[in-house]
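Asks: For reference, the structure I am asking about is given below.
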Amino acid sequence: MSLHIAARDGEIADRILLPGDPLRAKYIAETFLDDAVCYTDIRNILGYTGTYKGVRLSVQGTGMGIPSISIYATELMRDYGVKKLIRVGTCGAMRKDIRLRDVIIAQGATTDSSIIRNIFGGSINYAPLADFTLLRQAYEQSVKQGIPARVGNIVSVDRFYDDEIDNDKLTQYGIMAVEMETAGLYTLAAKYGAQALGLFTVSDHLLTGEACTPEERQTSFDDMIHIALETAIQ
Ligand code: HPA
């Protein structure tokens, strides 16, 4: 058992899907996995291990924001030896050519989080990157499913409500979308020598103010989960 995860040694698979919302972890486990067993419910952050197409796989909530995902990602890699971590989340689109329900793969994760400064000191602006093998596999899977993913740079912000951030500048420099966790996941995966990937569906649009209906959210979420599961078992 680690500080925030109740699993015993061996109860977590070496590959894991990481939604922010713990109830999404429950949904994924109950809908897509066979023989899923809950291994943790500390703070209601639920985690399950089961199998997908015969391959052992786990799924666990991370909570919102880099501080929260950092706790779970660290314990999963350091204490349970997890080697492949795929975040499955939603994001807000920041460019006109990105549409609601698009699937996005974060090739890189720009951030305003202090995690980079805290680790590297003042002069280094480390670039948190996806694992290329996972990225390629996920992209190929998205093409196979007929929903080619958009691949590029996203921004992992510290504040959901942020009146000061310059979104226009970020867009001008190619940032496709905004979420709140991936830069932390990529940086910690590099530290622990693990593979990490961030996959998202666009749930809202910052330029137009549009948002998915609950039904649209569910369908596009399921499409993304298929991409993530097929990638995780390779
Ligand atoms: N901001 C931050 N995180 C998000 C958003 C957003 O607009 N949409 C989904 N995750």
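Asks: Starting from the Kirkwood Rh over alpha-carbon pairs, what translational D in µm² s⁻¹ does the chain have by Stokes-Einstein at 10 °C and 1.306 mPa s?
Replies: 90
Asks: Within the range 24-174, what percent of beta bridges assigned by DSSP are antiparallel, to the nearest 5? Can you show the working numbers first?
Replies: Numbers: 11 of 18 bridges.
Around 60 percent of the beta bridges assigned by DSSP in the range 24-174 are antiparallel ones.
Asks: Using Cα-Cα distances under 8 Å and only pairs 6 or more residues apart, what relative contact order does the range 111-234 have, in percent?
Replies: Relative contact order for the range 111-234 comes out at 30 percent.
Asks: Wrap a convex hull around the Cα atoms of the range 1-130, take a quarter of its surface area, and give that in square nanometres.
Replies: Seen from a random direction, the Cα hull of the range 1-130 projects 9.2 nm² on average.
Asks: If you place +1 on the Cβ of every Lys and Arg and -1 on the Cβ of every Asp and Glu, how big does the dipole about the Cα centre of the chain come out, in debye to the nearest 20?
Replies: 600
Asks: Also: For ILE124 and GLU140, compute 0.36 nm times the residue count separating them, minus their Cα-Cα distance, and round to one decimal in nm.
Replies: In short, 2.4 nm is gained.
Asks: Quote the Stokes-Einstein diffusion coefficient, in whole µm² s⁻¹, for the range 183-222, based on the Kirkwood radius over alpha carbon pairs, a temperature of 10 °C and a viscosity of 1.306 mPa s.
Replies: Calculated translational D: 129 µm²/s.
Asks: Which of CYS91, THR187, TYR72 sits closest to the plus end of the dipole of the chain, meaning its Cα is farthest towards the positive end, when Lys and Arg get +1 and Asp and Glu get -1 on the C-beta?
Replies: My answer, from the dipole projection, is THR187.
Asks: Can you give me the P(r) profile for the range 111-234? Cα pairs, bins 10 angstrom wide beginning at 0, each as a whole percent.
Replies: 11, 37, 37, 14, 1
Asks: When the helices in the chain are scored as -39500 (n - 2.57) per DSSP H run of 4 or longer and the sum is shared across all residues, what 222 nm value do you end up with, to the nearest 500 deg cm²/dmol?
Replies: -10000 deg cm²/dmol
Asks: Moving to a separate point now. Taking the Cα centre of the range 133-173 as origin, work out the dipole magnitude from +1 charges on Lys and Arg Cβ and -1 charges on Asp and Glu Cβ, in debye rounded to 20.
Replies: Numbers: 5 positive and 7 negative charges, 96 e Å.
Computed charge dipole of the range 133-173: roughly 460 debye.
Asks: Under the 0.36 nm per residue contour assumption, what length would be gained going from the current alpha-carbon distance of TYR173 and ALA6 to full extension? Numbers along the way, then the final one.
Replies: Numbers: separation 167, 0.36 × 167 = 60.12 nm, distance 4.21 nm.
Length gained, TYR173 through ALA6: 55.9 nm.
Asks: In addition: What FRET efficiency comes out for the pair ARG117/LEU23, r = Cβ-Cβ distance, R0 = 41 Å, nearest 0.05?
Replies: 0.80
Asks: Take the alpha carbon atoms of the range 1-54, find their center, do the same for the range 99-121, and report the distance between the two centers in whole angstrom.
Replies: Between the Cα centre of the range 1-54 and that of the range 99-121, the gap is 24 Å.
Asks: Considering only ARG101, ARG24, ARG43, give the residue with the highest GNM mean-square fluctuation for the chain, with springs between Cα atoms whenever their separation is below 10 Å.
Replies: Residue with maximal mean-square fluctuation among ARG101, ARG24, ARG43: ARG43.
Asks: Here's another thing I want to ask about it. Work out the FRET efficiency for GLU30 and GLU215 from their Cβ-Cβ distance, taking R0 = 25 Å, and round it to the nearest 0.05.
Replies: 0.85
Asks: Normalised by the residues of the chain, what does the relative contact order come to in percent, with Cα pairs under 8 Å and at least six apart? Don't jump to the answer; show the numbers that get you there.
Replies: Numbers: 498 pairs, mean separation 60.3, N = 234.
Reported as a whole number, the value is 26 percent.
Values in this text are rule-based calculations from the coordinates and carry no lab data. The structure presented is a predicted model; accordingly, all values stated were derived computationally and were not measured. Methodologically, a virtual Cβ is constructed for each residue, glycine included, from the backbone with ideal geometry; neighbour enumeration extends over all protein chains shown.
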